[in-house]
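Engineer: Let me begin by handing over the structure; questions about it come next.
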């Protein structure tokens, strides 16, 4: 099935494209809102600026796809494969990406407002979302990921793995809004992470592992470090 077939079926009212082989399909700036691509093979597809809001991509394979600027608002992407995909500037507002595979994916400027990426794989990803999004990254694996200058104010990062990740100058503190939630890094693994000049103002790091982490110039104003393992191996009382 090619791009023309998909668009013709969609315009005729068909929304079910589940389980199809759509390798290297090109759908630029199309509107496929509400379509079901669950378990479909979309590897190496070019889907820039296409609207997939409210769509279903559960267990779909989007590896090595070009998805820059695509709109996945309110979409279902549980266990989706997006390894090595370019998601620059994509929109995932309220999207469900539980257990999604985003290893080595590019997520610069991505909008993850209220998105759920719990237990997602973001190993070695270029993960620099825009700010104040209250993203759920509980238990996500961000080992060796590049989060330099990333904005994760108010994010849920409980038990997330940031081992050897680059968090230089990252914004991990509480937003300036008086009602803003605190960034929760409770029990997070930050062993060997580069947190130099990162802003952790008001963040919760209870029980976090900061062993051998670089905190040079980091802002720790009102940061809760209760029970955290400090860079020198001591435990903060």
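The values are calculated or read from the model by the stated rules, or taken from the named source; none is laboratory data. These figures come from a predicted structure and were not determined experimentally. Every residue, glycine as well, gets a Cβ built from its backbone with ideal geometry; the counts of neighbours run over all protein chains shown.
Engineer: In the stretch 117-171, which residues are crowded, with 21+ Cβ neighbours inside 10 Å and on the phi > 0 side of the Ramachandran plot?
Structural biologist: 154
Engineer: Also, I was wondering about something else. Is there a residue being in a loop (DSSP other than H, G, I, E, B), over 11 Å from the mean Cα position of the chain (by Cα) and buried (at least 24 other Cβ atoms within 10 Å of the Cβ) anywhere in the stretch 90-111?
Structural biologist: Scanning the stretch 90-111, I find no residue that is in a loop (DSSP other than H, G, I, E, B), over 11 Å from the mean Cα position of the chain (by Cα) and buried (at least 24 other Cβ atoms within 10 Å of the Cβ), so the answer is no.
Engineer: So which residues in the stretch 168-184 are touching a strand residue (DSSP E or B) at 6+ places or on another chain (Cβ under 6 Å), assigned to a loop (DSSP other than H, G, I, E, B) and modelled with pLDDT of 95 or more, if there are any at all?
Structural biologist: Hit for the stretch 168-184 is 168, nothing else.
Engineer: Sticking with this structure for a sec: Answer yes or no as to whether residue 43 is within 20 Å of the chain's Cα centre (by Cα), surrounded by 15 or more Cβ atoms within 10 Å (Cβ to Cβ) and modelled with pLDDT of 95 or more.
Structural biologist: When the stated conditions are applied, residue 43 passes them.
Engineer: Checking residue 134 against (1) in contact (Cβ under 8 Å) with a residue 24 or more places away in the chain; (2) under 21 Å from residue 214 (Cβ atoms): exactly one of these is not met. Which one?
Structural biologist: (2)
Engineer: Suppose we filter the stretch 61-74 for residues that are part of a loop (DSSP other than H, G, I, E, B) and either in contact with a strand residue (DSSP E or B) (Cβ under 7 Å, 6 or more places away or on another chain) or surrounded by fewer than 24 Cβ atoms within 10 Å (Cβ to Cβ) (or both); how many remain?
Structural biologist: Restricting attention to the stretch 61-74, the residues satisfying the condition of being part of a loop (DSSP other than H, G, I, E, B) are 62-65, 67-70, 72-74.
Filter again for either in contact with a strand residue (DSSP E or B) (Cβ under 7 Å, 6 or more places away or on another chain) or surrounded by fewer than 24 Cβ atoms within 10 Å (Cβ to Cβ) (or both), leaving 62-64, 67-69, 72-74.
Selection size over the stretch 61-74: 9.
Engineer: Here's another thing I want to ask about it. Name every residue in the stretch 126-143 that is in a loop (DSSP other than H, G, I, E, B) and closer than 13 Å to residue 102 by Cα, in order of residue number.
Structural biologist: Selection gives 137, 140, 142, 143.
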